[in-house]
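Peer 1: Provided herewith is a single structure, encoded as structure tokens, for subsequent inquiry.
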Amino acid sequence: MDLELSDKVAVVTGGSKGIGLAVAEALGDAGARVVVGSRTESPQLTALRERCDLTFVGVDLAELHGADRLIQAATDRHGRIDVLVNNLGAAAPRNSFLDVDDTEWQRVFDLTFFSAVRTTRAALPHLLADGGGAIVNISSVNARLPFPMVVDYSAAKAALRNLTKALSEEFAPRGVRVNAVAPGPVRTPFWTAPGGFADVVAAEAGTTAQVAVDEIVPRQMGISTGRISEPQEVADLAVFLASARAGNITGAEFVIDGGQIKTT
Ligand SMILES: NC(=O)c1ccc[n+]([C@@H]2O[C@H](COP(=O)([O-])OP(=O)(O)OC[C@H]3O[C@@H](n4cnc5c(N)ncnc54)[C@H](OP(=O)(O)O)[C@@H]3O)[C@@H](O)[C@H]2O)c1
């Protein structure tokens with residue numbers, strides 16, 4: 001299937017690892033010119049630069065002007081933007097709502113919600129000026145399934161889901177489609193990094209992080225397929241939504257959770 005992404009300019013936030021890296025790779029493989037913004041350039045991203053038209057921008061998107069810097073770098077380099085993937089998001093394991101102070105609420109909202117607000121605000125004029133395009137927001141099942149363990153992150157993802165719909169309503173008539181992908185657990189550093197969620201689940205169950213993500217998480221979370229998702233699977237969906245093949249899809253949320261959400 002030709003995704004018709006050849007030579008399109010695509011910006012991906014938080015693309016040095018995990019889902020963002022997989023999205024950057026899938027976009028690059030589809031022929032897009034990719035601009036990735038994250039704080040550090042991972043070895044995998046450096047390797048990807050060898051075979052794709054990929055620009056790395058070192059930027060902290062939690063900072064007020066980080067989004068402007070990323071979008072400026074993309075337009076300086078390519079003169080246009082066709083696709084924006086708001087992938088950045090972050091959570092920390094919480095014991096209780098009562099332990100999360102204002103600073104932490106603000107940090108999680110800055111990373112998970114306001115980074116998308118600011119990047120979209122900076123990028124949208126370019127998408128509109130260049131005849132339209134697509135925005136894909138990487139949300140989470142937690143937008144609809146708020147977990148106490150990620151109480152602040154769940155609320156931020158709910159806000160992102162809501163924003164996706166509002167943006168799609170306003171900008172569809174001007175040629176910009178806005179959709180969300182809502183993954184359940186995905187095998188990324190979010191889970192697997194030292195001190196990540198796999199370690200927390202493993203400590204509670206008295207087992208290893210590997211067993212936690214492969215067996216305990218799918219069981220505890222009721223994932224019908226019996227496994228968590230792989231980053232590439234999320235990336236394939238996001239890239240399809242970014243492509244002209246999804247030309248009449250907007251304001252939609254696509255869950256990829258192996259059947260974790262049980263309601264219709
Ligand atoms: N993994 C899951 O189970 C899961 C499930 C549902 C939804 N999601 C969502 O999917 C998205 C990606 O998650 P992931 O699991 O791939 O995350 P991840 O493995 O933790 O990777 C996060 C990415 O964001 C970058 N980043 C972190 N802080 C940043 C900052 N201040 N400024 C710029 N870049 C920053 C990191 O690079 P640097 O450290 O180099 O900055 C990295 O590239 C997030 O929105 C997450 O909420 C993930």
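The values are calculated or read from the model by the stated rules, or taken from the named source; none is laboratory data. Bear in mind the structure is a predicted one, so any value in this text is a computation, not a measurement. Here Cβ is always computed from backbone atoms with ideal geometry, including for glycine, and neighbour counts include all displayed protein chains.
Peer 1: In the range 61-91, which residues are exposed (fewer than 15 other Cβ atoms within 10 Å of the Cβ) and either hydroxyl-bearing (S, T, Y) or within 10 Å of the ligand (Cβ to nearest atom) (or both)?
Peer 2: Passing the criteria: only E63.
Peer 1: The conditions are (1) within 12 Å of the ligand (Cβ to nearest atom); (2) surrounded by 15 or more Cβ atoms within 10 Å (Cβ to Cβ); (3) over 24 Å from A32 (Cβ atoms), and P231 fails exactly one of them. Which is it?
Peer 2: (3)
Peer 1: Of all residues being of a type in the set (G, A, S) and in contact with a Gly (Cβ under 9 Å, 6 or more places away or on another chain) in the range 181-214, which is farthest from G259 (Cα to Cα)? Just the residue, please.
Peer 2: A209
Peer 1: Now for a separate question. What is the number of the single condition among (1) in contact with a helix residue (DSSP H, G or I) (Cβ under 6 Å, 6 or more places away or on another chain); (2) without any contact (Cβ under 8 Å) to a residue 60 or more places away in the chain; (3) surrounded by 17 or more Cβ atoms within 10 Å (Cβ to Cβ); (4) more than 26 Å from E104 (Cα to Cα) that A209 does not meet?
Peer 2: Just one mismatch for A209, condition (4).
Peer 1: Here's something else I'd like to know. Quick one: which residue in V200, V176, V234, V181 is farther than 30 Å from A129 by Cα and of a type in the set (V, I, T)?
Peer 2: That would be V200, the only listed residue that is farther than 30 Å from A129 by Cα and of a type in the set (V, I, T).
Peer 1: On to the next question. Give me the residue from the range 162-201 that is in contact with a strand residue (DSSP E or B) (Cβ under 8 Å, 6 or more places away or on another chain) and under 21 Å from M221 (Cα atoms) and, out of that set, surrounded by the fewest Cβ atoms within 10 Å (Cβ to Cβ).
Peer 2: Among those that are in contact with a strand residue (DSSP E or B) (Cβ under 8 Å, 6 or more places away or on another chain) and under 21 Å from M221 (Cα atoms), it is R187.
Peer 1: Now, a different point. When only residues in the range 164-178 that are more than 14 Å from A116 (Cα to Cα) and without any contact (Cβ under 8 Å) to a residue 40 or more places away in the chain count, which is farthest from the ligand (Cβ to nearest atom)?
Peer 2: So, considering only residues that are more than 14 Å from A116 (Cα to Cα) and without any contact (Cβ under 8 Å) to a residue 40 or more places away in the chain, the one farthest from the ligand (Cβ to nearest atom) is P173.
Peer 1: Out of I228, I223, I256, report the one residue that is touching a Leu at 6+ places or on another chain (Cβ under 8 Å) and not hydroxyl-bearing (S, T, Y).
Peer 2: Values: I228 fails: touching a Leu at 6+ places or on another chain (Cβ under 8 Å); I223 fails: touching a Leu at 6+ places or on another chain (Cβ under 8 Å).
Residue meeting the stated conditions: I256.
Peer 1: Give the residue that is surrounded by the fewest Cβ atoms within 10 Å (Cβ to Cβ), with candidates limited to residues of the range 92-122 that are closer than 23 Å to G133 by Cβ and of a type in the set (F, W, Y).
Peer 2: Filtering the range 92-122 for residues that are closer than 23 Å to G133 by Cβ and of a type in the set (F, W, Y), the one surrounded by the fewest Cβ atoms within 10 Å (Cβ to Cβ) comes out as F114.
Peer 1: Also: If only one of I216, I223 is outside any helix (DSSP H, G or I) and not assigned by TED's automatic domain parsing to the domain that holds R144, which one is it?
Peer 2: The conditions single out I223.
Peer 1: In the set V200, V181, which member is in contact with an Asp or Glu (Cβ under 9 Å, 6 or more places away or on another chain) and in contact (Cβ under 8 Å) with a residue 40 or more places away in the chain?
Peer 2: Working: V200 fails: in contact with an Asp or Glu (Cβ under 9 Å, 6 or more places away or on another chain).
It is V181.
Peer 1: Hey, among V100, V9, V85, V35, which residue is touching a residue at least 40 places away in the same chain (Cβ under 8 Å) and under 17 Å from Q232 (Cα atoms)?
Peer 2: It is V85.
Peer 1: While we're on this one: Any idea how many residues of the range 149-163 are more than 14 Å from S115 (Cβ to Cβ) and modelled with pLDDT of 95 or more?
Peer 2: First, pick out the residues of the range 149-163 that are more than 14 Å from S115 (Cβ to Cβ): 149-152, 154-155, 158, 161-162.
Filter again for modelled with pLDDT of 95 or more, leaving 150-152, 154-155, 158, 161-162.
Final tally of qualifying residues: 8.
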